[in-house]
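Asker: First, the structure itself, so that you have it in front of you.
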Amino acid sequence: MSSKEELYQQLILEHNKKPRNFGRLENPTHVAEGFNPLCGDHYHVFLRVNEAGIIEEISFDGSGCAISKASASMMTQSLKGKTEAQARGLFDAFHELITGEMEAGNGAVKLGKLAAFSGVWKFPARIKCAVLCWHTINGALEGSQDALTTE
Ligand code: ZN
(Lines give C-alpha, C1' and ligand atoms only; values in the text may rest on other atoms or scores of the structure.)
Protein backbone atom coordinates (compact mmCIF):
# COMPACT_ATOMS: atom_id res chain seq x y z
CA MET A 1 0.00 0.00 0.00
CA SER A 2 1.26 3.48 -0.78
CA SER A 3 1.43 6.05 1.99
CA LYS A 4 -1.43 7.92 0.35
CA GLU A 5 -3.63 4.83 0.41
CA GLU A 6 -2.71 4.29 4.05
CA LEU A 7 -3.67 7.86 4.86
CA TYR A 8 -7.00 7.43 3.08
CA GLN A 9 -7.69 4.21 4.95
CA GLN A 10 -6.92 5.87 8.29
CA LEU A 11 -9.28 8.71 7.46
CA ILE A 12 -12.10 6.26 6.70
CA LEU A 13 -11.48 4.30 9.90
CA GLU A 14 -11.34 7.47 11.95
CA HIS A 15 -14.66 8.77 10.57
CA ASN A 16 -16.21 5.35 11.14
CA LYS A 17 -15.15 5.44 14.78
CA LYS A 18 -16.18 9.05 15.35
CA PRO A 19 -18.80 10.01 12.76
CA ARG A 20 -19.42 13.76 12.39
CA ASN A 21 -22.92 15.26 12.45
CA PHE A 22 -24.30 11.98 13.74
CA GLY A 23 -27.83 11.96 15.19
CA ARG A 24 -31.24 13.37 14.43
CA LEU A 25 -31.71 16.99 13.45
CA GLU A 26 -34.31 19.22 15.09
CA ASN A 27 -36.85 20.70 12.66
CA PRO A 28 -35.45 19.34 9.39
CA THR A 29 -36.88 20.55 6.07
CA HIS A 30 -35.96 17.25 4.42
CA VAL A 31 -35.67 13.72 5.77
CA ALA A 32 -34.81 10.67 3.67
CA GLU A 33 -34.08 7.04 4.26
CA GLY A 34 -31.50 4.95 2.45
CA PHE A 35 -30.99 1.20 2.57
CA ASN A 36 -28.41 -1.03 0.96
CA PRO A 37 -29.72 -4.59 1.38
CA LEU A 38 -26.53 -6.17 -0.01
CA CYS A 39 -24.55 -4.95 2.97
CA GLY A 40 -27.22 -4.02 5.51
CA ASP A 41 -26.35 -0.31 5.55
CA HIS A 42 -29.38 1.63 6.73
CA TYR A 43 -29.46 5.38 7.36
CA HIS A 44 -31.68 8.40 7.68
CA VAL A 45 -30.38 11.76 6.55
CA PHE A 46 -31.70 15.08 7.83
CA LEU A 47 -31.38 18.44 6.14
CA ARG A 48 -32.35 21.97 6.99
CA VAL A 49 -32.34 24.07 3.84
CA ASN A 50 -33.02 27.80 4.26
CA GLU A 51 -35.04 30.07 1.97
CA ALA A 52 -31.95 30.94 -0.04
CA GLY A 53 -31.47 27.25 -0.86
CA ILE A 54 -28.44 26.81 1.39
CA ILE A 55 -27.96 23.67 3.44
CA GLU A 56 -27.76 25.17 6.94
CA GLU A 57 -27.72 21.93 8.88
CA ILE A 58 -27.19 18.34 7.91
CA SER A 59 -26.94 15.14 9.91
CA PHE A 60 -27.38 11.42 9.60
CA ASP A 61 -28.42 8.55 11.80
CA GLY A 62 -28.36 4.78 11.45
CA SER A 63 -25.88 1.97 11.09
CA GLY A 64 -23.82 0.16 8.53
CA CYS A 65 -20.30 -0.79 7.50
CA ALA A 66 -17.23 1.41 7.92
CA ILE A 67 -17.27 2.61 4.31
CA SER A 68 -20.91 3.71 4.38
CA LYS A 69 -20.61 5.42 7.74
CA ALA A 70 -17.36 7.22 6.93
CA SER A 71 -18.79 8.30 3.58
CA ALA A 72 -21.92 9.72 5.24
CA SER A 73 -19.83 11.46 7.88
CA MET A 74 -17.53 13.14 5.35
CA MET A 75 -20.48 13.95 3.13
CA THR A 76 -22.20 15.92 5.89
CA GLN A 77 -18.98 17.87 6.44
CA SER A 78 -18.67 18.71 2.75
CA LEU A 79 -22.30 19.67 2.20
CA LYS A 80 -22.87 21.94 5.18
CA GLY A 81 -23.13 25.54 4.01
CA LYS A 82 -23.42 24.58 0.34
CA THR A 83 -26.29 25.44 -1.99
CA GLU A 84 -28.45 22.67 -3.39
CA ALA A 85 -26.82 23.16 -6.79
CA GLN A 86 -23.34 22.86 -5.27
CA ALA A 87 -24.48 19.73 -3.43
CA ARG A 88 -25.59 18.17 -6.72
CA GLY A 89 -22.26 19.10 -8.30
CA LEU A 90 -20.38 17.39 -5.48
CA PHE A 91 -22.65 14.36 -5.77
CA ASP A 92 -21.79 14.04 -9.47
CA ALA A 93 -18.07 14.47 -8.81
CA PHE A 94 -18.16 11.93 -5.99
CA HIS A 95 -20.02 9.47 -8.20
CA GLU A 96 -17.35 9.81 -10.89
CA LEU A 97 -14.62 9.33 -8.31
CA ILE A 98 -16.22 6.25 -6.81
CA THR A 99 -16.88 4.54 -10.13
CA GLY A 100 -13.34 5.24 -11.34
CA GLU A 101 -14.51 7.53 -14.13
CA MET A 102 -12.71 10.56 -12.81
CA GLU A 103 -9.39 11.43 -14.37
CA ALA A 104 -6.65 11.18 -11.80
CA GLY A 105 -6.05 14.35 -9.84
CA ASN A 106 -8.67 16.27 -11.75
CA GLY A 107 -11.87 16.71 -9.79
CA ALA A 108 -10.22 15.13 -6.76
CA VAL A 109 -9.04 18.60 -5.78
CA LYS A 110 -12.61 19.81 -5.54
CA LEU A 111 -13.56 16.81 -3.43
CA GLY A 112 -10.95 17.44 -0.76
CA LYS A 113 -11.04 14.75 1.93
CA LEU A 114 -13.62 12.79 -0.05
CA ALA A 115 -10.71 11.69 -2.23
CA ALA A 116 -10.19 9.12 0.52
CA PHE A 117 -12.74 7.03 -1.37
CA SER A 118 -10.79 7.12 -4.63
CA GLY A 119 -9.73 3.47 -4.27
CA VAL A 120 -13.23 2.12 -3.75
CA TRP A 121 -13.89 1.49 -7.46
CA LYS A 122 -11.50 -1.47 -7.18
CA PHE A 123 -14.04 -3.11 -4.87
CA PRO A 124 -17.36 -3.02 -6.77
CA ALA A 125 -19.37 -4.40 -3.84
CA ARG A 126 -18.27 -1.39 -1.77
CA ILE A 127 -19.36 1.25 -4.29
CA LYS A 128 -22.98 1.00 -3.16
CA CYS A 129 -21.92 1.44 0.44
CA ALA A 130 -19.99 4.59 -0.40
CA VAL A 131 -22.70 6.24 -2.50
CA LEU A 132 -25.71 5.24 -0.40
CA CYS A 133 -26.03 8.41 1.67
CA TRP A 134 -25.26 10.59 -1.33
CA HIS A 135 -28.12 9.02 -3.27
CA THR A 136 -30.29 9.46 -0.20
CA ILE A 137 -29.52 13.18 0.08
CA ASN A 138 -30.08 13.61 -3.62
CA GLY A 139 -33.49 11.97 -3.29
CA ALA A 140 -34.31 14.19 -0.31
CA LEU A 141 -33.49 17.34 -2.27
CA GLU A 142 -35.69 16.17 -5.10
CA GLY A 143 -38.52 15.74 -2.63
CA SER A 144 -38.79 11.97 -2.84
CA GLN A 145 -40.85 10.53 0.00
CA ASP A 146 -39.95 6.92 -0.66
CA ALA A 147 -37.15 5.11 1.08
CA LEU A 148 -34.20 4.80 -1.24
CA THR A 149 -32.77 1.38 -1.79
CA THR A 150 -29.72 0.53 -3.86
CA GLU A 151 -31.46 -2.51 -5.34
ZN1 ZN B 1 -21.78 -1.32 3.42
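Asker: Which whole-number percent gives the relative contact order of region 3-144, counting Cα pairs below 8 Å spaced six or more residues apart?
Answerer: 27 percent
Asker: Based on the alpha-carbon gyration tensor of region 1-59 and its eigenvalue square roots a ≥ b ≥ c, which shape applies: rounded if a/c is under 1.5, prolate if not and a/b is larger than b/c, or oblate?
Answerer: prolate
Asker: In whole Å, largest first, what are the principal axis extents of the Cα atoms in region 27-101?
Answerer: That works out to 37, 32, 16 Å along the principal axes.
Asker: Then there's this: Considering only protein heavy atoms and a 1.4 Å probe, what is the carbon-and-sulfur percentage of the accessible area of region 3-144?
Answerer: 52 percent
Asker: Taking only pairs that are 8 or more places apart or on different chains, how many Lys pairs in region 3-144 have Cα atoms under 22 angstrom apart?
Answerer: Lysine pairs meeting the criterion: 28.
Asker: Using a probe radius of 1.4 Å on heavy atoms only, what accessible surface per residue do you get for the chain? Whole Å² is fine.
Answerer: 52 Å²
Asker: Hey, any idea what Rg/Rh is for the chain, computing Rh the Kirkwood way over Cα pairs?
Answerer: 0.94
Asker: Moving to a separate point now. Treating the beta-carbon of each Lys and Arg as +1 and of each Asp and Glu as -1, no other charges, what is the dipole magnitude of region 3-144 about its Cα centre, to the nearest 20 debye?
Answerer: 380 debye
The values are calculated or read from the model by the stated rules, or taken from the named source; none is laboratory data. Computed from a predicted structure; not experimentally measured. When we count neighbours, we look across all protein chains shown, and the Cβ atoms used for this are built from the backbone with ideal geometry, even at glycine. Ligands, DNA and RNA are excluded from the accessible area calculation, which covers all protein heavy atoms including side chains. Shrake-Rupley method; radii C 1.70, N 1.55, O 1.52, S 1.80 Å.
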